[in-house]
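The values are calculated or read from the model by the stated rules, or taken from the named source; none is laboratory data. Keep in mind that this is a model prediction, so the values were computed, not measured. FYI the Cβ positions are ideal-geometry reconstructions off the backbone, even for glycines, and counts take in every protein chain you see. Surface areas here come from the heavy atoms of the whole protein model, side chains and all, with no ligands, DNA or RNA. Shrake-Rupley method; radii C 1.70, N 1.55, O 1.52, S 1.80 Å.
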Amino acid sequence: LLPDVHVVTIDYRGFGESEGSPSEEGLVEDAIAAHQWVHEQCAASSPEVVIYGQSLGTGVATRLAKHLCDRASDQGDRAGTKGGRRGTDLRGQGPTAAMPAALILDAPFTCLQEAALHHSLTRGILRLLGPGPFRAWLLSRLPDNFDNEKNVVAV
């Protein structure tokens, strides 16, 4: 197939054999740690990393990509390489280890509140409530947001 291509998957906290309970911040921390681990393992080869997220994982993937792009942009700002050189390492020799080569989203959603309006488990209950202040209040109480729309714009 493709030479030198590897796939790394992780169990987020609270899933699979991982301990803890899931939260948006916790899942993003896990993704950042996994990304850092990949780069530590492949330090000599400076790998191109493609971030892939499916369904709820798209929320984690867009946050990871935004985090990495923001970090690379901050590095460029400190080195005086704003604008068109965003994502260039401080020596100008190519992409930083932080910049993802690509972001692939499979079955994404705009944000968790919007997804709740269309998910089979919550759609019926929320329709019974009808549009109004109680439904808006209930959706605002979701502990996580996973705002893919905002995160993708920042990538």
* Structure fact -> Going residue by residue through segment 114-123, the Karplus relation 6.51 cos²θ - 1.76 cosθ + 1.60 with θ = phi - 60° gives ³J(HN,Hα) values, rounded to whole Hz and with x marking Gly or Pro, of 5, 4, 4, 5, 10, 6, 4, 6, 10, 4
* To do: Pick out, from TYR52, GLY14, GLN41, the residue whose Cα sits farthest towards the positive end of the charge dipole of segment 1-68, with +1 on the Cβ of Lys and Arg and -1 on the Cβ of Asp and Glu.
  => TYR52
* To do: Provide the per residue accessible area, probe 1.4 Å, for segment 1-59, rounded to a whole number of square angstrom.
  => 73 Å²
